[in-house]
Amino acid sequence: MLSLCICGTAITSQYLAERYKVNTPMLQSFINYCLLFLIYTMMLAFQSGSDNLLSILKKKWWKYILLGLADVEANYLIVRAYQYTTLTSVQLLDCFGIPVLMALSWFILYARYRVIHFIAVAVCLLGVGTMVGADMLAGREDSAGSDVLIGDILVLLGASLYAVSNVCEEYIVKKLSRQEFLGMVGLFGTIISGIQLLIVEYKDIGSIPWDWKIALLFVAFAVCMFCLYSFMPLVIKVTSATSVNLGILTADLYSLFFGLFMFGYKFSGLYILSFTVIMVGFTLYCSTPTRTAEPAESSVPPVTSIGIDNLGLKLEENLQETHSVVL
C-alpha cells in the first residue's frame, strides 16, 4: 500500500510534467506539509501534559528543525536530480539509502542484523538491477542529462537524507508517538518548504496554466503523499525502517504498470522477474526479526553493597516474588 502511494505521487508528477509542463516539486511537498500541519500539529496543540506542542518545542525544537530540514531536502534533491542525470542512475543510486539506513540503525537504534538480513538486502538490490535492465531493454532509459555527475551526487545526498529521516522516524514512533513525529514534521516542514518555495519556484508557480485538471492532479498528489506520511509510521512501528524501504522498492514497478496505459511504456517479462526477486528478498528480511544490543537489566542485586548473608536473603525474596508472579 505504501508503494501504491509512492506510485500515485510519481504518476501525478509525471503527468503534470509531460502533459502540462508543470515542474513544481517544492509546491507539491509544501501542500503535503500543510496538510500534516493542519491535522497532526493541531492535534499536538490541543493535547495536555508533556505531549503538548509547546512542551515538545521547549525541549526538542532544534532537533525537529534538523529533522524537518532533512525530510524536505531529501524530497527536493531526488526530484531535482532528474534534471541532470538519467532514470537508471536515480533508480540505482537511490538504493544507496538502504545500506546508509542499516548503518545508522546499527549505531543509533542498536539494531543487530543476522546473515539472512544481508542476504535479503542483496536479493532486493539484485531485483532493482533486473528492473533497471528491463527499463533499458524496453526503451525507458533517458538520455544523459546536462551534468550526470551533479545529478548522481544529488541522488546520493537525497538518499542519505532519506535514511536520516527514516531512522529518526523509527526512533520517534517507537519511543515517543506517531503524532509527535507527524506533527513536528508538519510544522517545520511547512516552514522550511514554504521559505524554499518562495526562493526557488516562485517563477514556475506564476507560469502554471491553472484549470480543473491541473488542480485535480495537485489534489491527487497531495492525497497520496499525505497517506504515505500517515501510514508509514504505522508500518515502521511494527517492523523497521529498513524493511519498509525494501518493500517500497516495488513502487517503480507499480508506476510501470500504470505507465503502460497512460504513457505508452513497453512491457518486458523482466519486470515480473524483478518484482518477484524484490518480494522474495523482502520476505526473507521479514522472516527473521532483528535484535538490539541494549543490555538487559539484571534482577540480581549488586554484591558490592551487601554481605553474603544479605545477598542470600535478597535472592530468597526475589524467588518468592517470582513465584507469586507465576501464580
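With respect to being farther than 17 Å from Thr41 by Cβ, among the charged types (D, E, K, R) and in contact (Cβ under 8 Å) with a residue 40 or more places away in the chain, Glu170 fits the description. Being in contact with a strand residue (DSSP E or B) (Cβ under 7 Å, 6 or more places away or on another chain) and under 18 Å from Glu170 (Cα atoms) is the requirement here; does Thr290 meet it? Yes; evaluated as a whole, the condition is true for this residue. A count restricted to segment 259-279 and to residues that are open to solvent by 20 Å² or more (accessible area, probe 1.4 Å), over 15 Å from Ile11 (Cβ atoms) and assigned to a helix (DSSP H, G or I) stands at 8. Listed here are the helices (runs of 4 or more DSSP H) enclosed by segment 1-67 that have at least 3 residues being in contact with a Phe, Trp or Tyr (Cβ under 7 Å, 6 or more places away or on another chain), touching a residue at least 24 places away in the same chain (Cβ under 8 Å) and over 23 Å from Ile199 (Cα atoms): 2-20. Considering Leu67, Leu36, Leu27, the condition of being in contact with a Cys (Cβ under 8 Å, 6 or more places away or on another chain) and not basic (Lys, Arg) is satisfied by Leu67 alone. Among residues of segment 119-148 that are on the phi < 0 side of the Ramachandran plot, those with a Cβ under 9 angstrom from a residue that is basic (Lys, Arg) and modelled with pLDDT under 75, sequence gap 6+ or separate chain, pair up as Ala134/Arg140; Leu137/Lys266; Ala138/Lys266; Arg140/Lys266. Exactly one residue out of Leu66, Leu27, Leu44, Leu104 is of a type outside the set (Asp, Glu) and more than 20 Å from Glu170 (Cα to Cα): that is Leu27. Only one of these is part of a helix (DSSP H, G or I) and over 30 Å from Gly186 (Cα atoms): Leu234, Leu256, Leu217. Name it. Only one candidate qualifies: Leu256.
Looking across segment 37-83 at every residue that is among the aromatic types (Phe, Trp, Tyr) and closer than 20 Å to Gly97 by Cβ, the one that is most open to solvent (accessible area, probe 1.4 Å) is identified as Tyr82. Selection over segment 173-192 of residues that are buried (at least 24 other Cβ atoms within 10 Å of the Cβ) and within 22 Å of Tyr110 (Cα to Cα) gives a count of 1. When Phe96, Phe107 are checked against the criterion of being closer than 27 Å to Asn23 by Cβ and either of a type in the set (Phe, Trp, Tyr) or not in a helix (DSSP H, G or I) (or both), a single residue qualifies: Phe96. Would a scan of segment 225-238 turn up a residue that is out of contact with any Leu (no Cβ under 7 Å at 6 or more places or on another chain), surrounded by fewer than 17 Cβ atoms within 10 Å (Cβ to Cβ), touching a residue at least 40 places away in the same chain (Cβ under 8 Å) and among the aliphatic types (A, V, I, L, M)? Yes, segment 225-238 has at least one match.
The values are calculated or read from the model by the stated rules, or taken from the named source; none is laboratory data. Keep in mind the model is a prediction, meaning the values are calculated, not measured. Neighbour counts run over all protein chains shown; Cβ positions are idealised from the backbone, glycine included. These accessible areas exclude ligands, DNA and RNA; they are computed on the full protein's heavy atoms, side chains included. Shrake-Rupley method; radii C 1.70, N 1.55, O 1.52, S 1.80 Å.
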